[in-house]
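**Student:** Handing you a structure now.
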Amino acid sequence: MSFLFRLLLVVATGIFAMPAFAQQELLTDPEIYEKNHYAKRCDVVQFGGRFLDRIDINNDGLKDAVTNSSEIVCDGVRGPDCSVEGCPFNFYLQVKEGGYFMIATAQMYSYDFIKRFGNMVFVLKMHPRYCEREEGQEPCAMTVRVRGTKFLTISKK
């Protein structure tokens, strides 16, 4: 291989690896992080009471965070990133060393965090296509549990 081609591969690898690294950056607080993001994006921004939930989503004793973009009003538009498939919800885990990192983003309508068989689980209300149904049919109810840093799907209805 030529020197120039190898150099190009090294540079390309670095460029494509950066977004993955940036996603794992520890945040001091996801609420501040997301509010700053929307403050830069919008001239006038408001956050509703259900914008942020602090709950222990992976049963490690630490309060994690879930943000709900349907609770954002950006320049007079409620849920600026919402679509017919719902709104983005971001899930952040808190680590013992301090800080948070995002483990998932889901486009959905809403969620319930409930106890089933002794375990806390999410019931995600999502677009019907996630349960192989056509638009206009009953929304999909996907039950998931967070183990460590992964979402595990238990059932879809």
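**Student:** Residues with beta-carbon under 15 Å from that of Gly118, excluding Gly118: net charge, scoring Lys, Arg +1 and Asp, Glu -1? Please list the in-between numbers first.
**Tutor:** On the way: positive: Lys115, Arg116, Arg145, Arg147; negative: Asp56.
So the environment of Gly118 carries a net charge of +3.
**Student:** Quick one: Glu97, Glu85, fewest Cβ neighbours within 10 Å first, how do they rank?
**Tutor:** Values: Glu97 6, Glu85 15.
Arranged by neighbour count, lowest to highest, Glu97, Glu85 become Glu97, Glu85.
**Student:** Report, as a whole number in µm² per second, the diffusion coefficient that Stokes-Einstein gives for the stretch 71-157 at 37 °C and 0.692 mPa s using the Kirkwood radius over alpha carbon pairs. Spell out each step's value before the answer.
**Tutor:** Working: Rh = 14.4 Å.
Translational D for this selection: 228 µm²/s.
**Student:** At Asp43 and Thr105, where each label point lies 7 Å from the Cα along Cα→Cβ, what is the point-to-point distance in nanometres?
**Tutor:** About 2.5 nm, to one decimal.
**Student:** In debye, nearest 20: dipole of the stretch 3-156 around its Cα centre with unit charges on the Cβ of K, R (+) and D, E (-)? Present the calculation step by step, with values, prior to reporting the outcome.
**Tutor:** Values: 18 positive and 19 negative charges, 88 e Å.
Result for the stretch 3-156 is approximately 420 debye, rounded to the nearest 20.
**Student:** Counting other beta carbons within 10 Å of each residue's own, what order do Ser155, Ser110 fall into, fewest first? Write out the running numbers ahead of the final one.
**Tutor:** Details: Ser155 11, Ser110 15.
Ascending number of Cβ neighbours within 10 Å: Ser155, Ser110.
**Student:** Further question: Between Lys125 and Ser83, how many nm apart are label points set 7 Å from Cα along the C-beta direction?
**Tutor:** 2.1 nm
**Student:** Follow-up. If the chain between Asp112 and Arg133 were fully stretched, how many nm would it gain, using 0.36 nm times the residue separation less the Cα-Cα distance? It would help to have the intermediate numbers written out before the result.
**Tutor:** Details: separation 21, 0.36 × 21 = 7.56 nm, distance 2.13 nm.
Result for the pair: 5.4 nm of gain on full extension.
**Student:** Let me ask another. Does the stretch 3-156 classify as rounded, prolate or oblate by the C-alpha gyration tensor (a ≥ b ≥ c root eigenvalues; a/c under 1.5 gives rounded; else a/b over b/c gives prolate, otherwise oblate)? Provide the component values of the computation, followed by the final result.
**Tutor:** Working: a/c = 1.41, a/b = 1.31, b/c = 1.08.
Because its axes are fairly even, with a/c under 1.5, the stretch 3-156 counts as rounded.
**Student:** Ok, one more. What is the percent of Cα-Cα separations in the stretch 29-95 that go past 17 Å? Can you show the working numbers first?
**Tutor:** Details: 932 of 2211 pairs.
Roughly 42 percent, once rounded to a whole number.
**Student:** What whole-number distance in Å separates the alpha-carbon centres of the stretch 107-121 and the stretch 63-92?
**Tutor:** Taking the Cα centre of each part, the stretch 107-121 and the stretch 63-92 sit 18 Å apart.
Every number in this text was worked out from the coordinates using simple rules, so none of it is lab data. Just so we're clear, the structure is a prediction, and the values are computed from it rather than from any experiment. Every residue, glycine as well, gets a Cβ built from its backbone with ideal geometry; the counts of neighbours run over all protein chains shown.
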